[in-house]
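A.B. asks: Have a look at this one.
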Amino acid sequence: MENLIAGYKRFRARGWPDQRKTFESLAERGQQPRALIVACVDSRVDPAMIFDAAPGEILTIRNVANLVPPYGPDAAYHGTSSALELAVQVFEVPDIIVLGHGKCGGVQALLDGAPENACDFVAGWMSIAESARVEALHAPPEERQRCCEHEVIKVSIANLMSFPWIARRVEEGKLTLHGAWFGIHSGALMTLQADGSFEPVAGLDGLGGEAASG
Ligand SMILES: [Zn+2]
């Protein structure tokens with residue numbers, strides 16, 4: 001905790017003066033975020049850092065393995081679905097990006113089983129992506145983790161379309177769904193193409209945009 005307080009003090013000394021006007025404006029006028037990112041809880045994959053987003057620009061949902069559950073309104077507690085409802089129905093974001101990543105522990109748990117001391121929730125949560133696990137079993141063993149990470153992104157996008165107000169806005173051309181994958185080792189960002197493949201973001205010549213490794 002001391003490290004975090006020290007970080008806060010650095011923010012107040014350096015970041016806050018630069019961004020004070022932005023925060024004041026956001027407080028007075030409210031936020032108009034341009035996109036929702038569904039990302040993993042992983043500490044190495046910070047959407048605001050990856051997309052160089054300023055305060056107020058992006059809404060973010062972070063959970064284990066950037067999963068979207070199927071639409072299922074009932075009496076249970078739905079953290080991800082309630083954030084989706086706010087982003088789409090209230091803020092009317094024009095874009096949702098499901099951001100997966102390399103070396104994802106949630107995906108590893110899906111493939112190899114949840115850690116023994118994390119069995120209350122992780123296994124059940126990851127079962128949302130059971131079809132991704134089955135798909136990944138067709139890949140060679142050394143490619144299985146990456147393949148499953150990609151397939152999990154596709155599962156989340158398919159599940160987004162099970163929400164009636166998301167499907168309606170997509171059909172009306174008011175909302176676009178995207179998939180992306182971030183390589184922690186390489187810093188490469190791959191985006192999901194219409195044919196289901198992932199391609200590196202173009203235009204990174206000279207910026208170290210080498211082929212992605214996890
Ligand atoms: Zn992850």
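A.B. asks: Take P70 and decide whether it is of a type outside the set (S, T, N, Q), outside any helix (DSSP H, G or I) and either free of Cβ contacts under 8 Å to residues at least 40 places away in the same chain or surrounded by 14 or more Cβ atoms within 10 Å (Cβ to Cβ) (or both).
C.D. replies: For P70, the condition - of a type outside the set (S, T, N, Q), outside any helix (DSSP H, G or I) and either free of Cβ contacts under 8 Å to residues at least 40 places away in the same chain or surrounded by 14 or more Cβ atoms within 10 Å (Cβ to Cβ) (or both) - is not met.
A.B. asks: Something else: Look through C147, C119 and report the one residue that is among the hydrophobic types (A, V, I, L, M, F, W, C), more than 11 Å from the ligand (Cβ to nearest atom) and modelled with pLDDT under 95.
C.D. replies: The match here is C119.
A.B. asks: If you don't mind, another one. Quick check: is even one residue across region 42-62 over 15 Å from the mean Cα position of the chain (by Cα) and of a type in the set (F, W, Y)?
C.D. replies: No, the conditions are met nowhere in region 42-62.
A.B. asks: Say whether the condition of being of a type in the set (D, E) and crowded, with 17+ Cβ neighbours inside 10 Å is met by at least one residue in region 105-120.
C.D. replies: Scanning region 105-120, I find no residue that is of a type in the set (D, E) and crowded, with 17+ Cβ neighbours inside 10 Å, so the answer is no.
A.B. asks: Please name all residue pairs, on different chains or six or more residues apart, with Cβ atoms under 6 Å, provided the first residue is in region 36-65 and is closer than 26 Å to A123 by Cβ and the second residue is more than 16 Å from the ligand (Cβ to nearest atom).
C.D. replies: Final answer for the pair search is I37/I58; I61/A83.
A.B. asks: Looking at region 78-86, is at least one residue farther than 22 Å from A167 by Cα, more than 16 Å from the ligand (Cβ to nearest atom) and either under 16 Å from the mean Cα position of the chain (by Cα) or outside any loop (DSSP other than H, G, I, E, B) (or both)?
C.D. replies: No, every residue in region 78-86 fails to be farther than 22 Å from A167 by Cα, more than 16 Å from the ligand (Cβ to nearest atom) and either under 16 Å from the mean Cα position of the chain (by Cα) or outside any loop (DSSP other than H, G, I, E, B) (or both).
A.B. asks: Search region 133-150 for residues that are in contact (Cβ under 8 Å) with a residue 40 or more places away in the chain and farther than 14 Å from S213 by Cβ and pair each with any residue that is in a helix (DSSP H, G or I) and of a type in the set (K, R) when their beta-carbon atoms are under 7 Å apart and the residues are at least 6 apart or on different chains.
C.D. replies: The qualifying pairs are C148/R133.
Listed here are the residues, each with its yes/no results for (1) out of contact with any Pro (no Cβ under 7 Å at 6 or more places or on another chain); (2) in a helix (DSSP H, G or I); (3) away from the ligand (no atom under 16 Å from the Cβ).
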{"position": "K21", "(1), (2), (3)": "yes, yes, yes"}
{"position": "A54", "(1), (2), (3)": "yes, no, yes"}
{"position": "L59", "(1), (2), (3)": "no, no, yes"}
{"position": "R62", "(1), (2), (3)": "yes, no, no"}
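A.B. asks: Right, next: With respect to R169, determine if the residue is more than 19 Å from the chain's Cα centre (by Cα), surrounded by 13 or more Cβ atoms within 10 Å (Cβ to Cβ) and not acidic (D, E).
C.D. replies: Yes.
A.B. asks: While we're on this one: Within region 5-60, take every residue that is surrounded by fewer than 11 Cβ atoms within 10 Å (Cβ to Cβ) and of a type in the set (D, E) and give me the one that is modelled with the lowest pLDDT.
C.D. replies: D18
A.B. asks: Here's something else I'd like to know. Only one residue in A39, A87, A53 is farther than 15 Å from L177 by Cβ and among the small types (G, A, S). Which one?
C.D. replies: So the residue among A39, A87, A53 that is farther than 15 Å from L177 by Cβ and among the small types (G, A, S) is A53.
A.B. asks: Just for region 87-116: of the residues that are part of a helix (DSSP H, G or I) and either more than 10 Å from the ligand (Cβ to nearest atom) or touching a Leu at 6+ places or on another chain (Cβ under 9 Å) (or both), which one is nearest to G187 (Cα to Cα)?
C.D. replies: G106
A.B. asks: Pick out the one residue from V122, V98, V107 that is β-branched (V, I, T) and under 13 Å from the mean Cα position of the chain (by Cα).
C.D. replies: Exactly one residue qualifies, and that residue is V98.
The values are calculated or read from the model by the stated rules, or taken from the named source; none is laboratory data. Quick caveat: nothing in here was measured; it's all calculated off a predicted structure. Every residue, glycine as well, gets a Cβ built from its backbone with ideal geometry; the counts of neighbours run over all protein chains shown.
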